[in-house]
Amino acid sequence: MKIILKTNIDPLGLEGETVDVANGYARNYLIPKGLAIEASPQNIKMMEMQKKKIDARRIKAKEDAEKIKQDIGDTVVTLTHKVGEEDKLYGSVTSMDIAEQLQNMGISIDKRKILLDKPIKNLGEFDVPIKLHPDVMGSVKVVVAPEA
């Protein structure tokens, strides 16, 4: 089934694009949630008229992501945790912990954009990638230190 995306959906595509998906996925999930509309001739014409607005929003979002990338480029996030034997952490450092610390520093980033393969369970310095926009990737240095 052909649909037109109303928002950016990571595996499918960007806002305003026409994509082909399974009928059930479109009818049961994308269309009821307002994430897409059916690609009828009328809807295609409507999206063509809105194309300039969509492109302007995309450009603004990319510029905002570039600005945030520069803001976090030199940022060092320091987290302290209790440590057991062999410098192993009690618990772990997750993307939620990093997002909270960035929020405390005045930088608002959604935890789902922080691409942490697995939680950090050791002391040390780590470069953590952040997907700010489909075309913009940034990274932040995370330092995990023992609690005094």
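Within segment 14-42, the residues that satisfy the criterion of being outside any loop (DSSP other than H, G, I, E, B) and surrounded by 16 or more Cβ atoms within 10 Å (Cβ to Cβ) are Val19, Ala26, Leu30, Ala36, Ile37. Residues in segment 76-88 that are in contact with a Leu (Cβ under 9 Å, 6 or more places away or on another chain) and modelled with pLDDT of 85 or more were compared, and the one that is surrounded by the most Cβ atoms within 10 Å (Cβ to Cβ) is Val77. Within segment 1-19, residues that are of a type in the set (Lys, Arg) reach partners that are buried (at least 16 other Cβ atoms within 10 Å of the Cβ) with beta carbons closer than 7 Å, at six or more positions or on different chains, in the pairs Lys2/Ala39; Lys6/Glu15; Lys6/Leu35; Lys6/Ala36; Lys6/Ile37. Within segment 101-128, the set of residues being in contact with a helix residue (DSSP H, G or I) (Cβ under 8 Å, 6 or more places away or on another chain) and free of Cβ contacts under 8 Å to residues at least 12 places away in the same chain comprises Ser108, Asp110. Scanning segment 78-100 for residues that are assigned to a helix (DSSP H, G or I) and either without any contact (Cβ under 8 Å) to a residue 40 or more places away in the chain or touching a Ser or Thr at 6+ places or on another chain (Cβ under 6 Å) (or both) returns Glu85, Glu86, Ser95, Met96, Asp97, Ala99, Glu100.
The values are calculated or read from the model by the stated rules, or taken from the named source; none is laboratory data. Remember, it's a predicted structure, so these values are computed and weren't measured experimentally. Neighbour counts run over all protein chains shown; Cβ positions are idealised from the backbone, glycine included.
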